[in-house]
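Peer 1: Provided herewith is a single structure, encoded as structure tokens, for subsequent inquiry.
The values are calculated or read from the model by the stated rules, or taken from the named source; none is laboratory data. All of these numbers come straight from a predicted model, not from anything done at the bench. Heads up, the Cβs are rebuilt from the backbone with ideal geometry, glycines too, and the neighbour counts pull from every protein chain shown.
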Amino acid sequence: MSRSTSHNPGHFDVIILGAGAAGLMCAATAGRRGRRVLLLDHAERIGKKILISGGGRANFTNLHCRAENFLSENPHFAKSALAAFTPSDMIALVEKHRIPYHEKTLGQLFCDRSAQDLVQLLARECAEAGVEIRTGTRILAVSKPDRFRVDTESAAGPASFTADSLIIATGGLSIPKMGATALGYEIATQFGLDLVPCRPALVPFVFNPQDTERWCDLSGLSAEVIASAAPSPRRGNGNGNSRRNLQPSFREKLLITHRGLSGPAILQISSYWRPGEEIILDLAPARELTATLLQPNARRDLGAALAALRTLLPARLAERWLELHPPAAWTNPALARFEDSLHTWRLNPAGTEGYAKAEVTAGGVSTAELDAKTMQSRKLPGLFLIGEVVDVTGWLGGYNFQWAWSSATQAGNAV
Ligand code: FDA
């Protein structure tokens, strides 16, 4: 495919806003297909969020990635993109660039050395594809008199560019300190696209005052739990159906913080939680803690209960649990209730740590607005939206990057 033959240096086949995971991948894909691509970002450098991801090692995909690992008003929407550019395709790209990586747990793939390897990969792909990247560029206005027009300002002064296609890859609202803005949602709204309300996701919980008092001096302690959100029965999924059956539970670590709860199990369920709802924790996954106490001739007292609890939980957490939830008696029914309370610890968080600490933003541009095979707006041909700005939100574990790569490739192949 030949590049645009336009002689206007300010005109491009494609302008992409946002040089993060999705924008960079999309630019490289479109550039390799011969498109003349301009990639703009207000940050001073590309891929800033990639650099801090996965503890600096970027959990860049997940071997078990499926549409079921994502939240969206349309749970089927991601299928097409995830099938067109799979985790294996991403691994092939990483191997092509000789980046060493490893599986940590649950199919999560991380760079061995640093997330910088991944940013370099994307930068090299863009360079080879002839993409023009301009960082430190503020987007002042976007319009569509006939073609798309983007007015910008940078250290070099104001500049305007035009393009046949405009791709929004400006990400979500999480971590404003890293340069997150609402620009993508604003442009979508400007062009009449519907939004699903945004909320922080993959985010720690803040305790209510009573639980703060009870637990926060134990900050730093962790335990393996099964966590689930307990949606109010009245909450629908947008289609008039209860969400209850759609709620997964997660068997991973919980961490007590100085303000509430974090750790992978908690981050996962935070994406499903809504203000006012409870969360449920099983502190003894697949274990029957009172089994030893129920044996004939076994000791039945606080010491025996504590010894049993300590096989599961850090000592101080076990002691605190027993202080706050001692068996009402040492009878079989009372021990059964004690066992039950351990498996169904119901908590009512006061809230979350918000966008400042959220890994991602749930909600965003409604998938009903987009063609799943191209990520193109149904209302406005030539406008594409990819990555986190779209109402597709992955679980913790490399799913969000995979969505960025997959949705970006769909659009890059369509422009
Ligand atoms: P992304 O946020 O990457 O890029 C958006 C770009 O748009 C940025 O470069 C930004 O500067 C630019 N932009 C925004 N507003 C603009 C404006 N007004 N003008 C110009 N440019 C603008 N996921 C995962 O799969 N594995 C992991 O290990 C992690 N780890 C992780 C850690 C932390 C701390 C966070 C915060 C997030 C993660 N994630 C993750 C999530 C992952 O980083 C995220 O889902 C992707 O980066 C989304 O890619 P996008 O390209 O859509 O947005």
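Peer 1: Hey, does segment 358-381 have a residue that's of a type in the set (K, R) and within 10 Å of the ligand (Cβ to nearest atom)? Before the answer, list the steps.
Peer 2: First, the residues of segment 358-381 that are of a type in the set (K, R): 373, 378-379.
With within 10 Å of the ligand (Cβ to nearest atom) added as a condition, the list becomes none.
Checked against the condition, which is being of a type in the set (K, R) and within 10 Å of the ligand (Cβ to nearest atom), segment 358-381 yields no hits at all.
Peer 1: Would segment 135-142 turn up any residue that is within 13 Å of the ligand (Cβ to nearest atom), assigned by TED's automatic domain parsing to the domain that holds A159, closer than 22 Å to L51 by Cα and among the hydrophobic types (A, V, I, L, M, F, W, C)?
Peer 2: No, there is no match, as no residue in segment 135-142 is within 13 Å of the ligand (Cβ to nearest atom), assigned by TED's automatic domain parsing to the domain that holds A159, closer than 22 Å to L51 by Cα and among the hydrophobic types (A, V, I, L, M, F, W, C).
Peer 1: So how many residues does segment 271-327 have that are part of a helix (DSSP H, G or I) and either free of Cβ contacts under 8 Å to residues at least 60 places away in the same chain or at positive phi (or both)?
Peer 2: Matching residues across segment 271-327 total 18.
Peer 1: Next question. Across segment 60-95, what is the total count of residues that are part of a strand (DSSP E or B) and either more than 19 Å from I269 (Cα to Cα) or more than 9 Å from the ligand (Cβ to nearest atom) (or both)?
Peer 2: 4
Peer 1: Limited to segment 280-303, what total is found for residues that are in contact with an Asp or Glu (Cβ under 7 Å, 6 or more places away or on another chain) and of a type in the set (A, V, I, L, M, F, W, C)?
Peer 2: Of all residues in segment 280-303, those in contact with an Asp or Glu (Cβ under 7 Å, 6 or more places away or on another chain) come to 285, 288-290.
Adding the requirement that they be of a type in the set (A, V, I, L, M, F, W, C) leaves 289.
Total satisfying the criteria: 1.
Peer 1: Could you check segment 31-48 and list, in sequence order, the residues that are within 16 Å of the ligand (Cβ to nearest atom) and in contact with a strand residue (DSSP E or B) (Cβ under 8 Å, 6 or more places away or on another chain)?
Peer 2: Matches in segment 31-48: V37, L38, L39, L40, D41, H42, I46.
Peer 1: Let me ask another. If K379 satisfies all but one of (1) outside the structural domain of L193 (by TED's automatic domain parsing); (2) closer than 30 Å to V196 by Cα, what's the number of the condition it fails?
Peer 2: For K379, the failing item is (1).
Peer 1: Which count do you get for residues in segment 185-217 that are within 19 Å of the chain's Cα centre (by Cα) and in a helix (DSSP H, G or I)?
Peer 2: 1
Peer 1: Go through (1) touching a residue at least 40 places away in the same chain (Cβ under 8 Å); (2) in contact with an Asp or Glu (Cβ under 7 Å, 6 or more places away or on another chain) for R378 and report which single condition fails.
Peer 2: All conditions pass for R378, except number (1).
Peer 1: I need a count of the residues in segment 331-375 that are in the same structural domain as L312 (by TED's automatic domain parsing) and without any contact (Cβ under 8 Å) to a residue 24 or more places away in the chain.
Peer 2: 6
Peer 1: Among the residues of segment 130-158, count how many are under 15 Å from V14 (Cα atoms) and either hydrophobic (A, V, I, L, M, F, W, C) or at pLDDT 95 or above (or both).
Peer 2: The total comes to 13.
Peer 1: May I ask you to list the residues in segment 23-34 that are within 25 Å of L183 (Cα to Cα) and either surrounded by fewer than 24 Cβ atoms within 10 Å (Cβ to Cβ) or among the hydrophobic types (A, V, I, L, M, F, W, C) (or both)? Give the derivation first.
Peer 2: First pass over segment 23-34, keeping only residues within 25 Å of L183 (Cα to Cα): 23-31.
Passing the criteria: L24, M25, C26, A27, A28, A30.
Peer 1: Does any residue of segment 395-411 turn out to be touching a Lys or Arg at 6+ places or on another chain (Cβ under 7 Å), within 15 Å of the ligand (Cβ to nearest atom), closer than 23 Å to G34 by Cβ and at pLDDT 95 or above? Let's see the steps before the verdict.
Peer 2: Of the residues in segment 395-411, the ones touching a Lys or Arg at 6+ places or on another chain (Cβ under 7 Å) are 410.
From the residues that got through so far, the ones that are within 15 Å of the ligand (Cβ to nearest atom) too are 410.
Adding the requirement that they be closer than 23 Å to G34 by Cβ leaves 410.
Subsequent filtering for residues that are at pLDDT 95 or above retains 410.
Checked segment 395-411: at least one residue is touching a Lys or Arg at 6+ places or on another chain (Cβ under 7 Å), within 15 Å of the ligand (Cβ to nearest atom), closer than 23 Å to G34 by Cβ and at pLDDT 95 or above.
Peer 1: Mind counting the residues in segment 78-110 that are in contact with a Leu (Cβ under 6 Å, 6 or more places away or on another chain) and either of a type in the set (A, V, I, L, M, F, W, C) or touching a residue at least 40 places away in the same chain (Cβ under 8 Å) (or both)?
Peer 2: Selection size over segment 78-110: 4.
Peer 1: Regarding segment 199-213, can at least one residue be identified that is farther than 30 Å from R320 by Cα and within 16 Å of the ligand (Cβ to nearest atom)?
Peer 2: Looking for residues that are farther than 30 Å from R320 by Cα and within 16 Å of the ligand (Cβ to nearest atom), one finds at least one in segment 199-213, hence yes.
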